[in-house]
1. Could you please tell me which pairs satisfy a Cβ distance under 6 Å, a separation of 6+ or placement on different chains, a first residue in the range 268-294 that is in a loop (DSSP other than H, G, I, E, B), and a second residue that is open to solvent by 20 Å² or more (accessible area, probe 1.4 Å) and acidic (Asp, Glu)?
2. So which residues in the range 9-32 are surrounded by 14 or more Cβ atoms within 10 Å (Cβ to Cβ), in a loop (DSSP other than H, G, I, E, B) and of a type in the set (Gly, Ala, Ser)?
3. Quick check: anything in the range 183-194 under 30 Å from the mean Cα position of the chain (by Cα), in a loop (DSSP other than H, G, I, E, B) and closer than 30 Å to Trp235 by Cα?
4. Open to solvent by less than 30 Å² (accessible area, probe 1.4 Å) and not aliphatic (A, V, I, L, M), is that true of Phe623?
5. Residue by residue through the range 682-705, note down the ones that are loosely packed, with under 14 Cβ neighbours inside 10 Å, more than 16 Å from Thr661 (Cα to Cα) and among the polar types (S, T, N, Q).
6. Grab the strands (runs of 3 or more DSSP E) fully contained in the range 357-462, keeping just those with 3 or more residues being closer than 30 Å to Arg531 by Cβ and either touching a Leu at 6+ places or on another chain (Cβ under 8 Å) or touching a residue at least 40 places away in the same chain (Cβ under 8 Å) (or both).
7. If I ask for residues that are open to solvent by 40 Å² or more (accessible area, probe 1.4 Å) and among the hydroxyl-bearing types (Ser, Thr, Tyr), which ones from the range 358-415 would you list?
8. Could you list, in sequence order, all residues of the range 110-147 that are surrounded by 19 or more Cβ atoms within 10 Å (Cβ to Cβ), in a helix (DSSP H, G or I) and among the small types (Gly, Ala, Ser)?
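The values are calculated or read from the model by the stated rules, or taken from the named source; none is laboratory data. Since we're looking at a predicted model, the values are computed, not measured. Cβ sites come from the backbone with ideal geometry, for glycine too, and all protein chains shown count toward neighbours. Calculation scope for accessible area: heavy atoms of the full protein, side chains included, ligands and nucleic acids excluded. Shrake-Rupley method; radii C 1.70, N 1.55, O 1.52, S 1.80 Å.
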Amino acid sequence: MKQFFATCPKGLESLLADELTGLGASDVRETVAGVHFKGELEQAYKACLWSRLASRIVLVLSEFAVKDDLDLYLGVHTLPWEQHFPATSSIAVDFTGTSPSIRNTQYGALKVKDAIVDRFQKRSNSRPDVDKKQPNVRILAHLGKGKVNITLDLSGSALHQRAYRQGTGEAPLKENLAVAMLLRSGWAGEPLLDPMCGSGTLLIEAAFIAADVAPGLNRPRWGFENWLGHDPALWQSLKMEAQVRAKRGLGRVGGKIIGRDSDERVLAKARANAKAAGVGHLIEFSVGDAVKLTNPLKGAPVVEGTAVGMLICNPPYGERLGEFPALIEVHQALGDALRREFQGWKVSILSASPELLSCLRLRADKQYRLFNGGIECQLRNYQIAVDSVASNKQVAEDFANRLKKNLKGLEKWASKEGVECYRLYDADLPEYNAAIDRYRDWLVVQEYAAPKDIPAQKTRQRLLDMVQAAIAVTGVDGEKVVLKVRERQEGKQQYQKLAEEKQRFEVSEYGAKLWVNLHDYLDTGLFLDHRITRRKLGEMAKGTRFLNLFAYTGSATVHAAIGGAKETTTVDMSRTYLNWAQDNMRLNGMTGRMHRFEQADCLQWLAEANPSGAADGQYDLIFIDPPTFSNSKRMEETFDVQRDHVKLLEHLKRLLAPEGTLVFSNNKRHFKMDMEAVAGLGLTVQNISKQTLPKDFERNPQIHNCWLIHHVKA
């Protein structure tokens with residue numbers, strides 16, 4: 001008997017051990033990501049041809065102790081390679097594992113290759129060539145715990161490659177994982193539905209099982225074909241037997257196998273794959289949205305204790321946090337459809353996100369740990385009760401009720417005020433610690449950092465519950481919910497980028513049109529708490545020379561220009577935001593030489609005696625909204641608004657016209673104006689924070705503070 005090893009993805013070991021035992025293997029032993037077994041060559045061939053779970057079948061040639069690279073070389077050199085393949089063969093060596101003397105896998109592979117080539121060179125004065133892409137023979141070496149295993153690959157390409165893929169969706173499911181899902185689901189041949197079938201892998205593998213088709217039957221090439229130990233007659237007999245079984249099975253399969261997907265282009269690939277696999281006639285493909293899922297067997301008799309059918313799928317689970325809102329909506333709708341349409345069905349769903357699975361609001365009977373590549377997933381099995389009804393229970397009910405109350409009070413107010421962007425919720429309830437802002441028909445959910453003593457899983461689940469409830473309460477499409485995570489900080493983080501998606505759209509505020517971008521940056525281009533301040537600037541701006549410092553996207557400049565400012569100067573350190581400010585001005589028809597934009601460090605710009613050649617007292621109206629703290633690399637010094645505001649006002653006084661007005665704002669909580677020092681500068685100060693606090697921020701009166709500052713009149 002020979003020693004073999006079958007590799008597989010983690011989580012499939014016990015299933016593979018059972019499968020190999022069923023194929024006649026003996027001394028079957030599980031290990032991590034694989035199974036050892038013994039048998040004659042027939043068992044190895046059967047494993048290659050019939051295993052639905054293995055990734056590779058390899059023949060174990062030797063195992064020996066290795067202390068250093070010389071031990072590795074000598075151990076490989078002593079093996080009778082000439083008994084396995086001729087010198088005319090091409091070879092490739094795959095090496096895994098490291099040790100203190102063999103520190104990288106390329107070096108390990110090189111030593112194994114050298115040992116093999118040198119043996120052939122000494123014995124026959126000829127040597128095999130190396131072909132890493134498509135060798136005649138592939139040798140695998142694994143180093144671990146002071147030993148190296150040398151094996152010969154009998155499979156060739158990985159066994160999950162069944163030779164039927166004509167095209168795939170964005171994230172194709174590996175064939176052996178699809179089989180594991182089917183086996184763990186408990187599917188026993190009853191009608192099968194995959195409502196998110198993608199390229200059809202699950203359904204094709206199910207058809208193979210139902211029709212008794214060997215998964216390796218149509219593979220064009222095998223690793224053992226150039227091995228000198230290969231028995232062509234034995235292989236042909238096993239292959240002919242498999243062909244006969246497949247012909248019989250394909251003719252007698254009667255159960256329905258149904259696939260749906262919302263993308264017709266992906267379905268076309270699924271049909272092509274099924275046709276290439278020889279099971280196209282066994283699978284019904286049609287366009288269907290999982291959010292609006294209906295039962296294809298509606299009207300079939302429902303008998304307690306007997307499954308009407310099996311629904312199995314691998315829905316998307318999102319690699320980025322921002323993808324979750326739409327996925328929450330999908331999972332919620334899927335759960336509702338299962339209770340409403342699929343009474344008596346078994347359901348099995350694979351996901352890497354337990355939180356998204358919780359949005360189904362179903363109680364799992366069993367769950368299994370599987371791996372999709374390197375991603376740990378859960379496969380949860382459910383039984384939909386015969387008397388199941390769609391759940392009317394509201395997720396995060398306290399939060400949902402508060403959001404409804406806020407929405408009722410703010411929606412009409414916003415419409416009357418002429419604003420399309422406003423805050424709906426700001427951590428009103430401590431356990432739901434987030435801010436929710438509405439931008440026309442979009443929602444932005446910003447999660448604040450949770451206290452360290454609350455488990456991360458709990459805070460994440462609450463966040464997803466909030467999103468789920470917000471979608472239900474507002475009716476906003478899940479695709480139009482943007483999820484962000486930020487820490488509750490003093491000041492703004494307007495220069496932190498999140499992505500490069502460059503998505504923006506136009507909103508309206510008191511007659512001004514402004515661009516917002518909900519995706520590319522942590523902030524959106526519009527600070528909602530400054531809405532009344534901007535309106536006030538517009539009311540004061542007629543006939544003035546207006547200066548906007550730390551201008552961000554220039555929304556205050558837009559209001560001043562609309563209000564009749566005869567000239568404007570907009571200063572910011574970021575070219576990106578200055579371009580944005582110019583776009584905002586163009587959007588409102590405000591162009592021309594009277595509107596200047598300067599990229600500069602505002603503190604340095606102010607400190608100059610005559611910035612841009614300006615004379616003292618040039619500006620009639622100045623708005624400045626500095627950050628709470630900044631240590632930007634572009635700035636020569638750090639800035640702290642509490643520490644440095646007097647110095648800042650000293651510079652601003654020089655630029656302010658005798659009868660001019662300075663509007664000074666910042667977002668530092670508990671900011672204290674140094675009244676004595678400011679008076680010493682010859683300035684008067686009026687706190688207008690309460691008057692500039694919008695209705696939608698009334699719960700958070702410290703969101704910003706705002707001051708009107710003038711020269712002391714002689």
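1. Thr294/Glu341
2. Selection gives Gly11, Ala25.
3. no
4. Considered against the rule, which asks whether it is open to solvent by less than 30 Å² (accessible area, probe 1.4 Å) and not aliphatic (A, V, I, L, M), Phe623 comes out as yes.
5. Matches in the range 682-705: Gln691 only.
6. 421-426, 434-439, 442-447
7. Correct list: Ser358, Tyr368, Ser391, Ser415.
8. Ala115
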